[in-house]
Every structure is written in C-alpha cells, then in structure tokens.
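The structure appears right after this line, and notes come after that.
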Amino acid sequence: MFEGVKGFFPPPYDPKEPVDFGSGKFLKMWQGPQHPGITGNMSLELAIAGDTVYDCKTHVGYLHRGFEKLMERRLWMQNFPLVCRIAVPEPDFNEYCYAAAIEELAGVEVPEKAKWLRNLTLEMIRLASYLMWIGGQAGAFGHGTIIQWSATMRDYVLDLFEELSGGRIYHMYIIPGGVRSDLPEGWKAHALEVMDTIEKNLDDIELVMFHNAVFKLRAKGLGVIPKDWIDRYGITGPNARAAGFRRDLRKDQPYLVYDKLDFDYVTAEGSDAYDRAKVRLGEMYQAIDLIRQMLARMPSGGEFKTALPNPLHWKIPAGETYVKSECTRGEYGFYVVSDGSDKPRRVVVRGPSYTHAVSVMETLAKGQNIADVAGLMVSLHTYPPEIER
Amino acid sequence: MRTIPADIAERFEVGPLVSKRADLSTLDVDAKDVPELLARLRDRHGYRHLSFVTATDQIEEGVFVLTYMLHNHADNHSLGVKCRVGRENAVMESCHLLWEQMWTYQRELKELFGIDFPGSPRVDESFVLEGWIDIPPMRREFDTREYSERTFPTRPGRSTKDPATHMKEKLYPEAL
C-alpha cells in the first residue's frame, strides 16, 4: 500500500498536544489588527497546524485612548463627548449609563417623557448595531450581499438619528436630567416608514441568509458554548440567550420604560453560531416592534429635561454606583465613583466583549478550522474598544 | 432590607452591607478573606456571575480599593465586594480559579495599577500597553499631560495666527 502522501497531511487535531514552533509542525499566524476577518482594532495570535487552530491569544490595545484616565481629569459634563466614543456602533448605551450614574449620585429626577425618548434611542441603536453586525456575520462566511443591504438599512436609522440629534454616529443626545431635544416635527411618521422598510428587508435577509445551505453548514455547530460556561465565563446577552438562558436586563431589572412595553426573551438552544445569529435576528424584529410600541404610547407633551446646576461648577456628592443596561452584546455598565468634587474619581466601563473576546474566544478557537475563526469571532459579537477603554 | 448572611458574618470580619439601590449593595471585607468569601458567595449564595473587577486609587489614604462586582441572577441583585490593598508593593491574592475571565482583569490591574496577583496566568504579559516603561498609568500620580509633553515633542509649523491680523496681512499688506 502506498502511504507516502499521507505524510503531507497534518495529523488529526489533538487538543493536548503542546504547541512547539521549533518542531516545524506549527505556524504562527496573526489575524488582525488589519484584516477583513477581524472585528475592530484587535488581533488574534493563532498557532496553527494545517488548517487547525491549536492556540489563540487575543491582543487588544490598538485603539487604546485611555478613556477612563481621561475622564478623571475632566468635569462631569465634559466627559459626554468622550463616553459615546467608547463604542462606535452603539454610543447611546454609554451615554445612558453615564448619565444615569450621575443622576443617581446627584439625586436628579428624570422627566417621564425623557425616559421614553431615551428608551427609543436605545432600541434604535440596538437595531442599527445589529444591522452592522449581520453584514459582518454574513461576510465572514463569504456572503457579500447581506452587508450591502444591511448597511443601507443602518444608514436609514442613522438618518433618523441625524434628524433627532444632529449626529449620525455619535449623538450625545442623552444628557444628565433627560435628553437634548424632543422629537422633531414629522419625525414619528418618518421613523415608522423606516421601520416598515427595514422589516421588509429583514424578511429578505432571513430568506437569503438563514436558509442558505452554505451559511447553515458553516454556522451550525460552530463555536458551541456549553451551558456551564455561561456563569463560569461571565457570558451575557445573545451569547447566553442562544444557550437557552432567559436573561435580559430589560426584563430582569427593567430600566427606563421597559416595564411598560410588551416583549419576551428571545432564546435558542443550540448555542452555536447559527443560533446566536437567529437570536440576534429575532431581537432585530423585536427592536422594530418596541420602537413602534414606544412611538404609539409615548406621551406627546411634557418636559424632556430637568434643569441642572452650572455644569462648570457642578460637584457630584461623594458616593459610588454601578448602572447597567442590556446592549446588543450583553451587560454594559458604568461603575462610577465620586469623591464629591467636580470631576469623577473613577469611571469603569464594563463591556461584554471583555470576556467574550478574550477568555471565551481564546478557548472556543482551539480546534477550529482557520477559515471559521472570523465567523466565530463575529458570532460572539465582540468589540475591542470596550476592552481597552 | 438585605442583611449579611449568617455564615458570612460568622466566618469573616465584614463591614456593614451598604445598600445603594434595591438591586445593588456593597460589602467591605479584609483583603485576605476575599478569595474564600467570593467562593462562598458564588457557591452558596447564588452570586455566580462576575460582572467586573476594578481598582480605585485612593492616593490620599495610600490604598487601592479593589471592587469585585458579583451578580445573583435568581434575585437580580448585584453585590460589590470591596477590599483595600496598600499602594506600596501592592499585592493581592489571585482568584483566577473562581471565574475564567478573572485572570484577564488581574492582568489589566497589574499593568494599569501595578497591583500584582502572584500565580495568575499571564499576569506579566502586557495587556493594552505593549512596551510601556513608565509607572502604571491609572495611578493618580501619573500625569497624562506631563507624560505627553515629555514624550511627544511639539511639531513645528503648528503655531496659530490671530485671524484678524492674518487677514489684514493677506488682503491689505500696504496698509500695514
């Protein structure tokens, strides 16, 4: 029997085999920081043999701007242009958490109308962020059409933000005490029109992407997160819900006006890349439904902000708090410590990518095919600036 | 009104349970008790989720305040376990065996605050500051502006001009 050629093929994956680059069997490969298959400015240091990943190390810091340190040197209100920049796809969660933390420490009451407007923007940005994500997820599996559709749909949401706040990416709409403005005239009708358009497009995306044989074959069974990892690794958001966990801060610890809205947990059981994508798709439809509910039920009149002290001389009483919200990736929170001065003593940003992109990714990548690493990472929906903030 | 569980009050010297909100409390403990207390809270009291670990530099008191934020999904309550570690030769016992993401937080605290966690995996590897040789930058005494001025020289050719004088020079040079 001829067996010579077998030597050219790598042996089967053995997770216990130590990575020894001196053996000539392994190759070190960097995926990122400049790579179409990486989410944001991070990189994966991969040790591969053949097509199989034996080891993975996440590297961040390529976009480190020292937000937390900078915030300690600025007045409470001066930090607003900073906090939204921690997460490009969804700045509003930063604005909300930071504002809510200040309000709690300073004892500022937020008018009812402002709560509805805040809630509305959070669901709008959830939808926009998911639209960006789904393009990346499809692209990671070679499906280039979806990003062209979803990026357009996201732009429609950004148009709404521009009309509402003047900004497309960074809105700085949520401020302590409320929001910067009420809905402009005709905005509601435009928003409903955009929701109809996106909903129709989501139907097309579902048909083209989720019933696609290639996507199914590659995403099903990829990166399965066992149930017992959820608490061990601190996994939250759709990554936990795709494993069957009914956990969503909007339901479990309702903030703003979520307790007045009708919605349920979106869950799945498979806990693989396909099910995570299904959960996020379900939450996109859910966000559209929530936006419609809010537009229908929101009080038409009333104050949208509370008068605040002079922001240049505003001292926040000493104390500490942790305010969190459910962003598209899971638990997103701000831990804020005040020493009673006009600047924060400490601001800590808790982003879900901290564990999803490091501990979880490094573990899940082992044993995967190199071609699936990008798809796996996007399926965890990681975002590096919230790690290296 | 939440109270400290009896087994914790008996075994550890803990401060009062400070309620921040209905769903958030903090508890001060001695640093040496932290690993055992966290394990007990996780295994016996439902605080299975670790939200984050961080440090606050209380330079005036010469300590770092470490905060371990835990969450109990069953009753939707978060508990911040706080302990104080001296700033000089700051060392804290590693808790990386309790949660898988713990070592990443400890690695970050080593790099940004200089708090060591002996035995924690990859604790000496750089996290976000590759090649950093200055003092840990999240310490209060680290002056970002002074560092910036010392490290990055001002580029020539970036001086600004008074707009009024500049336009006069451009448009009406004869008048000057």
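The values are calculated or read from the model by the stated rules, or taken from the named source; none is laboratory data. Bear in mind that the values here come from a model prediction, so they are computed numbers and not experimental data. Cβ sites come from the backbone with ideal geometry, for glycine too, and all protein chains shown count toward neighbours. Calculation scope for accessible area: heavy atoms of the full protein, side chains included, ligands and nucleic acids excluded. Shrake-Rupley method; radii C 1.70, N 1.55, O 1.52, S 1.80 Å.
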Test: residue in the stretch A:335-347 that is facing another protein chain (nearest Cβ under 9 Å), within 23 Å of residue A:256 (Cα to Cα) and buried (at least 21 other Cβ atoms within 10 Å of the Cβ): yes
Within the stretch A:36-49, considering residues that are of a type in the set (A, V, I, L, M, F, W, C), open to solvent by less than 10 Å² (accessible area, probe 1.4 Å) and within 21 Å of residue B:101 (Cβ to Cβ), the one farthest from the other protein chains (Cβ to nearest Cβ): A:46
Test result for residue B:66, within 13 Å of chain A (Cβ to nearest Cβ), over 22 Å from residue B:123 (Cα atoms) and in contact (Cβ under 8 Å) with a residue 12 or more places away in the chain: no
Filtered residues of the stretch A:246-273 (kept if on the phi < 0 side of the Ramachandran plot and aliphatic (A, V, I, L, M)): A:249, A:257, A:261, A:266, A:268, A:273
Scope the stretch A:41-64; condition touching a residue at least 60 places away in the same chain (Cβ under 8 Å) and either among the polar types (S, T, N, Q) or assigned to a loop (DSSP other than H, G, I, E, B) (or both); matching residues: A:41, A:42, A:51, A:52, A:58, A:60, A:61, A:62, A:63, A:64
Checking residue A:88 against (1) outside any loop (DSSP other than H, G, I, E, B); (2) touching a residue at least 40 places away in the same chain (Cβ under 8 Å), the condition it does not meet: (1)
Test: residue A:191 is over 21 Å from the mean Cα position of the chain (by Cα), crowded, with 16+ Cβ neighbours inside 10 Å and of a type in the set (A, V, I, L, M, F, W, C): yes
Sole residue being outside any helix (DSSP H, G or I), outside the structural domain of residue A:143 (by TED's automatic domain parsing) and open to solvent by 10 Å² or more (accessible area, probe 1.4 Å), chosen from A:324, A:366: A:366
Filter pass, residue A:223 being open to solvent by less than 30 Å² (accessible area, probe 1.4 Å), within 14 Å of chain B (Cβ to nearest Cβ) and closer than 30 Å to residue B:46 by Cβ: no
The stretch A:50-89, residues that are in contact with an Asp or Glu (Cβ under 8 Å, 6 or more places away or on another chain), more than 9 Å from every other protein chain (Cβ to nearest Cβ), over 29 Å from residue A:342 (Cβ atoms) and among the hydrophobic types (A, V, I, L, M, F, W, C): A:56
Any hit, the stretch A:54-61, residues being open to solvent by less than 10 Å² (accessible area, probe 1.4 Å) and of a type in the set (Val, Ile, Thr): yes
Flag for residue A:330 being surrounded by 22 or more Cβ atoms within 10 Å (Cβ to Cβ) and over 30 Å from residue A:13 (Cα atoms): yes
Number of the exception - residue A:76 against (1) of a type in the set (Phe, Trp, Tyr); (2) open to solvent by less than 10 Å² (accessible area, probe 1.4 Å); (3) within 17 Å of the chain's Cα centre (by Cα): (3)
Residues of the stretch A:201-215 satisfying the condition of being under 16 Å from residue A:275 (Cα atoms), aliphatic (A, V, I, L, M) and surrounded by 16 or more Cβ atoms within 10 Å (Cβ to Cβ): A:205, A:209
Conditions (1) of a type in the set (Asp, Glu); (2) under 30 Å from residue B:54 (Cβ atoms); (3) out of contact with any helix residue (DSSP H, G or I) (no Cβ under 8 Å at 6 or more places or on another chain); (4) surrounded by fewer than 24 Cβ atoms within 10 Å (Cβ to Cβ): number failed by residue A:388: (4)
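Assess whether residue B:148 counts as being out of contact with any Cys (no Cβ under 7 Å at 6 or more places or on another chain) and either open to solvent by 90 Å² or more (accessible area, probe 1.4 Å) or facing chain A (nearest Cβ under 10 Å) (or both).
no
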Residues of the stretch B:72-107 satisfying the condition of being of a type in the set (Phe, Trp, Tyr) and more than 10 Å from every other protein chain (Cβ to nearest Cβ): none
